[in-house]
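The values are calculated or read from the model by the stated rules, or taken from the named source; none is laboratory data. Treat the numbers as computed from the prediction; the structure is a model and nothing was measured. Backbone-built Cβ (ideal geometry, glycine too); neighbour counts: all protein chains shown. For accessibility, only protein heavy atoms count, side chains too; no ligands or nucleic acids. Shrake-Rupley method; radii C 1.70, N 1.55, O 1.52, S 1.80 Å.
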Amino acid sequence: MSQPSRVCWCYRDENTFSWMNLDERFAIICEDFFQRGDRSNFEIQIADGRILLVSLEYMSAVEALSQVSIPLQRNEHGTSQYQHDWEYEEHRGHWISYHIQASAHIEAAMTAGFRKTAICAGHDQYLIDIHRHFQTNVRTGFRRRNRRVPNNSISFAPTNQQQQHEEENGTHCTEEAQRLGLSCVICMDHFDASSEAISFSACLSQQNQTLSHAFHPHCINTWLKSGGGRCPVCRASLHIMTGTQPKNGTMSDELLHHSLPGFPSALTRRIRYYFPDGVQGPEHPNPGCMYLGTTRIAYLPTTPEGNLAFRLLKLAFSRRLIFRVGTSISTGIDNTVIWAGIHHKTSQTPGPFGFPDPNYLTILFDELKSNGITKDDDPGPSS
């Protein structure tokens, strides 16, 4: 395998949860230790002058004075193609590909000789046991199996849906990309007479109609296949993500004339989700088998942010993103309707599932964003 043409090392700001690039000289140190498979701890310095003690095996750094642990991330940008991908088991027998960068990092860590590494998804960090094939959520301790599989995307041909997506939303811009000296933002190769470039109207809207980044068709197809529904540069949504939530469910709400802890000036919105029993479709784990329905209750405050969250949850429900059919973690029952990963507050009283929780709405918006729904998608109060 050839070396990637560019590797970026970053750390996550503990206040904003945004990723910040390491200074180049410290990124080079990190990459040198990584390529040698060196498990020794070493020190680096970040932009605000703080000294961090780095552990590459856990992809984290501890701030010397406060002892706060800060996640690290390594992103590859280049033409190298790994021969294997990595997947995790979402529910019994259903395997999901890691994000393309996460999969590349796990494979690179294994190639370098690491038996463990770590990746980030949303606000969570996951420890990856490369040798024993499982991942552990650092925050919750929940463990899933993972596995290494052949990388079929090296010779990937677009599906009909993805080809239609290109034709409807991708604009051929080879001449302009060459004139501007652009390179594909995924593989970093420049566009020349033998290559094709496409751009997306959603990206142009984000960048004031100025072409600033473009893609090779096969690169963006591979990105979309891996689950990257947004532009890797400006994060514009390139297609509408939909889930596998059963189609027979309903979502309703009512206002309760009391406040939630932490929101003394607001009323309480009670959300009710209802799914009767049904038959699994082709998108479910066991097509043709029955699944058990469920009723779930959740709560939000009627603050401006809470009302926005409710409208976006309605949009997520219409896109079948809030529930799925799988195995209940709490009861162990298989073939039942369960949450799909967008967390809800299901209690009105203090505790891990209730209020007050000053970070909940921020985390909820982040989880919606990872499912392709942002505040820009707000349909408005009349919806």
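Miscellaneous remarks
- Within the accessible area of the stretch 284-383 (1.4 Å probe), percent carbon and sulfur: 57
- Contour minus Cα-Cα distance for ASP377 and TRP19 (0.36 nm per residue): 126.5 nm
- The share of accessible area on the stretch 22-71 that comes from carbon and sulfur is 53 percent, using a 1.4 angstrom probe.
- 3J(HN,Hα) along the stretch 194-200, derived from phi through the Karplus expression 6.51 cos²θ - 1.76 cosθ + 1.60 where θ = phi - 60°, amounts to 9, 10, 10, 10, 10, 10, 10 Hz, with x in place of Gly and Pro.
- Gap separating the Cα centres of the stretch 170-202 and the stretch 110-147, nearest whole Å: 35
- Protein heavy-atom accessible surface, 1.4 Å probe, per residue over the stretch 279-339: 41 Å².
- Restraint check, LYS345/LYS375; LYS116/LYS345; LYS116/LYS369, Cα-Cα greater than 25 Å: LYS116/LYS345; LYS116/LYS369
- The stretch 268-383: relative contact order as a whole-number percent, Cα under 8 Å and 6+ apart: 23
- Couplings for the stretch 109-116, taken from phi via the Karplus curve 6.51 cos²θ - 1.76 cosθ + 1.60 with θ = phi - 60°, read 5, 5, 4, 6, x, 6, 8, 9 Hz in order; Gly and Pro are left as x.
- Distance between the stretch 271-325 and the stretch 360-383 - C-alpha centres, whole angstrom: 15
- Here the gap between GLU254 and PHE42, fully extended at 0.36 nm per residue and compared with their Cα-Cα distance, gives a gain of 70.8 nm.
- Projecting label points 7 angstrom from Cα along Cα→Cβ for ALA112 and GLU176 puts them 3.9 nm apart.
- 5 angstrom amide H check on PHE200, placed H, neighbours 5+ away: THR171
- Whether the stretch 241-370 is rounded, prolate or oblate, judged on the alpha carbon gyration tensor where a/c under 1.5 counts as rounded: prolate
- Relative packing of peptides 336-345, 287-296 - highest average C-beta neighbours within 10 Å first: 336-345, 287-296
- THR294 long-range amide H proximity, modeled H, under 5 Å: PHE275
- As a rough guide to protection, the peptides 297-304, 356-363 ranked by mean Cβ packing within 10 Å, highest first, stand as 297-304, 356-363.
- Within-12-Å neighbourhood charge of GLU254 [Cβ basis; K, R +1; D, E -1]: +2
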